[in-house]
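Asker: Following this message is one structure expressed as structure tokens.
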Amino acid sequence: MNTEILLVIGAYLLGSVPTGLLLARSMGINIRECGSGNIGATNVYRTAGKKLGVMTLIGDCLKGLIPVLIAQAMGLLPMWVAAIGLAAFLGHVYTVFLGFKGGKGVATALGVLLGTAPLAVLFGILVFAAVLYKWRYVSLASISAAACIPVLAWATCTPRETMIMAVVIAAIVILKHHENIARLRAGTENKFKA
């Protein structure tokens, strides 16, 4: 088995580590039975506190960033860097450790794209912040940023392979927010409270 395939597998397994669940469990909280039941940073923040929420955000982000930085440091082709980044993202969303039921992938996507399309991410963060400030919905801010990232990647002359990866990631992030979208339309989505 060649190095690239091993890195793809390793990225998936690293991405699969359920950061939020493990951090919450360290405090005696089963995050899957609290709030929305999601293992991501927003639910951890709401149900286990700000500190663990921020730690989950950082941990999930690093799961995406570290594999692509390793791939880039090894001088791998953009195709392999994109594949490794996508594997880390898919690991979080479809984690093998939780029956392939993971988080929505926003923080891990952030890490992957920070390493592969930093300018697009910078503008994406501005979109996220603006939407969150205006409407106070983390889900709407996440969906808006995800929808913008592929366009921003194209506008910042990102390699084709990275753009394709960004499109796939954006589509999955938006699809994983289908329940949030339904609540937003019904006016029952929870607003973010700092």
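The values are calculated or read from the model by the stated rules, or taken from the named source; none is laboratory data. Every value quoted in this text rests on a predicted model; they were computed, and no experiment measured them. Cβ coordinates were reconstructed from backbone atoms using ideal geometry, including for glycine residues, and neighbour counts include every protein chain displayed. Only protein heavy atoms, including side chains, enter the accessible area calculation; ligands, DNA and RNA are left aside. Shrake-Rupley method; radii C 1.70, N 1.55, O 1.52, S 1.80 Å.
Asker: Being in a loop (DSSP other than H, G, I, E, B) and within 23 Å of Gly20 (Cβ to Cβ): is that true of Ala194 here?
Answerer: yes
Asker: From the list Thr56, Thr47, Thr95, exactly one residue is of a type in the set (S, T, N, Q), in contact (Cβ under 8 Å) with a residue 12 or more places away in the chain, surrounded by fewer than 23 Cβ atoms within 10 Å (Cβ to Cβ) and under 17 Å from Val17 (Cβ atoms). Which is it? Walk me through how you get there before you give the answer.
Answerer: Working: Thr56 fails: surrounded by fewer than 23 Cβ atoms within 10 Å (Cβ to Cβ); Thr47 fails: under 17 Å from Val17 (Cβ atoms).
Exactly one of Thr56, Thr47, Thr95 is of a type in the set (S, T, N, Q), in contact (Cβ under 8 Å) with a residue 12 or more places away in the chain, surrounded by fewer than 23 Cβ atoms within 10 Å (Cβ to Cβ) and under 17 Å from Val17 (Cβ atoms), namely Thr95.
Asker: Of the residues Leu76, Leu90, which single one is touching a Phe, Trp or Tyr at 6+ places or on another chain (Cβ under 8 Å), on the phi < 0 side of the Ramachandran plot and open to solvent by 20 Å² or more (accessible area, probe 1.4 Å)?
Answerer: Leu90
Asker: Looking only at segment 59-72, which residues are aliphatic (A, V, I, L, M) and open to solvent by less than 20 Å² (accessible area, probe 1.4 Å)?
Answerer: Filtering segment 59-72 for residues aliphatic (A, V, I, L, M) gives 62, 65-66, 68-71.
Hits for segment 59-72 are Val68, Ala71.
Asker: Among (1) outside any helix (DSSP H, G or I); (2) in contact (Cβ under 8 Å) with a residue 40 or more places away in the chain, which single condition is Ile164 missing?
Answerer: Of the numbered conditions (1) outside any helix (DSSP H, G or I); (2) in contact (Cβ under 8 Å) with a residue 40 or more places away in the chain, the odd one out for Ile164 is (1).
Asker: Considering Val112, Val127, which residue is in a helix (DSSP H, G or I) and surrounded by fewer than 21 Cβ atoms within 10 Å (Cβ to Cβ)?
Answerer: Matching residue, one of Val112, Val127: Val127.
Asker: Test Thr3 against the criterion of being within 30 Å of Ala71 (Cβ to Cβ), exposed (fewer than 14 other Cβ atoms within 10 Å of the Cβ) and among the β-branched types (Val, Ile, Thr), and give yes or no. Write out each step before concluding.
Answerer: Details: within 30 Å of Ala71 (Cβ to Cβ): yes; exposed (fewer than 14 other Cβ atoms within 10 Å of the Cβ): yes; among the β-branched types (Val, Ile, Thr): yes.
Here the answer is yes, as Thr3 does meet what is asked.
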